[in-house]
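Some notes on the structure that comes next.
Every read-out reported here was derived from the displayed coordinates using simple, explicitly stated rules and does not represent laboratory data. Please read these numbers as outputs of a predicted model, since none were measured by experiment. Using ideal geometry, Cβ is built from the backbone for each residue, glycine included, and neighbour counts are taken over all protein chains shown.
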């Protein structure tokens, strides 16, 4: 199987356009500070300055990195970085990772992208004074200039708030200025540090899960977001949400930010629910479990990962495992699943108003009854 980046995922238009704003954003204060690269390097070495647990890979090429170093040597202004205070009195890099790590690697002498000596790119794209030079080959004055150059940092502090505060996520989403915009789960990985974030990274390596999404983890963290999607919908709370449209982003943000979901007991429960459910589906439904059928050709599988089929089947199976235990039926589950996929109401629930409360409950209910013979609510 291929990496999820190369796997076709059925687009859900309302989810790709999903955004929200609420009063949580008032829980953030911010201020500016000018920090030298000497300070930033020391802070990083002493673990006062930290990157997210699963930071996206360093993506600048040697030309981009070299031109940034050249900008510092020329005394040109550089964009601000954004940092966030954590509960452990550290500063989390919200935006500016590429800039900070470029200078860190250059001063330390090794480019982390390839593990080799960091020499500036040797081409006419750089001033000839610095082409092909390492930090150690610069003059003392040039070395001091790089270390002493200051970069403006905007520092955010999140006030004490309710367990499900989403303010920092909203700030992160709005101010991220990297060359490649972060996806929603990449932002959550940066913002919601803790036991649940670590659990998601761990469960993403589960052998049964990788069977469906490919052996290589997705660099945009969409595979992790699908696991979170299951956890957030597989709760008693979701049964009681008011009727109407729900923001998927907000739902997932609140779930990750909720302190009760990060306790040791909650972590064990969530791990057990995911691993038992995905293993059961792999063993008893098979490779096409999260695929749809081709409209008008019910016997033909459309080989695209379908997010709303995924969440409905996962939640329905988790409920059945909890209620029926070893007595859960296993015969002809794929045939039963295909029958449900032909149901006109089900097709509507997975494609229209997918985060409407009625659609969430409807698609779970039809699969739960069609495959396992029990009622949802």
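Before moving on, here are some points about what is shown:
- Shape class for the chain: prolate, because the ratio a/c of the largest to smallest gyration tensor axis (alpha-carbon atoms, square roots of eigenvalues) is 1.5 or more and a/b beats b/c.
- A simple spin-label model places pseudo-atoms 7 Å from Cα toward Cβ; at residue 322 and residue 276 they are separated by 1.0 nm.
- Beta bridges assigned by DSSP with both partners in the stretch 79-213 are antiparallel in approximately 60 percent of cases.
- Pairwise FRET efficiency - residue 108 versus residue 88, Cβ, R0 = 35 Å, nearest 0.05: 0.90
- Peptides 308-315, 343-350 ordered by average Cβ neighbours within 10 Å, highest first: 308-315, 343-350
- Label-to-label distance for residue 297 and residue 45 is 6.3 nm, based on points extended 7 Å past Cα in the beta-carbon direction.
- The length gained on full extension between residue 134 and residue 330, counted as 0.36 nm times the residue separation minus their Cα-Cα distance, comes to 64.2 nm.
- Alpha-carbon centroids, the stretch 92-161 and the stretch 282-350: separation in whole Å: 50
- For residue 195 and residue 347, the difference between the fully extended length at 0.36 nm per residue and the C-alpha to C-alpha distance is 51.1 nm.
- Rounded to 5, percent antiparallel among DSSP beta bridges of the chain: 75
- In degrees, nearest ten, helix 357-372 long axis to first principal axis of the chain (Cα): 60
- Global form of the stretch 290-365, assessed from the alpha-carbon gyration tensor, a/c cut-off 1.5: oblate
- Crossing angle, helix 248-257 versus the chain [Cα axis fit, 0-90 degrees, rounded to tens]: 70
- Gyration tensor verdict on the stretch 234-295 (Cα atoms; rounded if a/c is under 1.5, prolate if a/b is larger than b/c, oblate otherwise): oblate
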